[in-house]
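First the structure, in the form of structure tokens, and then the observations on it.
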Amino acid sequence: MTTSSILAGLILPGASVLADSYDDIVLADVFPDEILRQCIADEYDGDKNGILTPEELGSEPLRISYMSKGITDITGLDRLPNLRDVNLENNDITSVNVGYDGLFSLDLGGNEGLTYLDISLFPGLQCLDLHDTGITELDISSNDHFIDAYSNGPQTSYYSGGVMYTSNDSTGGTFFVDGDVVITGVPEPEESDPEPTVAPPANIVDIDEEHFPDDTFR
């Protein structure tokens, strides 16, 4: 099973899921990273004029996979409508400063210079791979899917030294991290009500002359 087959689905801020219409995208203005720009052009710029049109991108969810290309900057992905799956494994990405509201799946594994990821940039994210990165701490407080997955405890990942957290629910979340990554932002478990205190039974005293010598009181 590959990462890209597990991490399927992604979308960034500023774009709607399956947008009905959008403006032309001038690649040179939107993608500062030359390698990423060329990858996008090779895949979607049919007439090779440096401009992506709605007709070229279509209306179906977009799935991009550019592994081991030397990409350093993902700026511009947030301008692609209907983006669903992004696999940028084994590149040279050191920071992520754009997001996407509907992104479902993101693979940044193998980007060793990446030391931080704010997953709140991707509110709809359900699949995430961060194996073999420089990340040592991951805050999942903004993502209920990942909180649910974390509650099931770590499982062995197919990456050496990595762990996987996955939900029991097929619509839940799954994420991969290195084994030494500290997961934060997990709600504290609710405390259960304490068991009611039961008073010990009182000693039984016979009402007799020995215990109550006063006839009237007895």
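The values are calculated or read from the model by the stated rules, or taken from the named source; none is laboratory data. Nothing here was measured: the structure is a model prediction, and the numbers come from that model. A quick note on method: Cβ atoms are made from the backbone with ideal geometry, for glycine too, and the neighbour counts reach across all protein chains shown.
Just a few scattered comments:
Table: residues versus (1) surrounded by 16 or more Cβ atoms within 10 Å (Cβ to Cβ); (2) modelled with pLDDT of 95 or more.
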{"site": "Pro13", "(1), (2)": "no, no"}
{"site": "Leu18", "(1), (2)": "no, no"}
{"site": "Tyr22", "(1), (2)": "yes, no"}
{"site": "Ala28", "(1), (2)": "no, yes"}
{"site": "Asp33", "(1), (2)": "yes, yes"}
{"site": "Tyr44", "(1), (2)": "yes, yes"}
{"site": "Gly58", "(1), (2)": "no, no"}
{"site": "Ser65", "(1), (2)": "yes, yes"}
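- Among the candidates Asn82, Asn87, residue that is polar (S, T, N, Q), more than 10 Å from the chain's Cα centre (by Cα) and buried (at least 22 other Cβ atoms within 10 Å of the Cβ): Asn87
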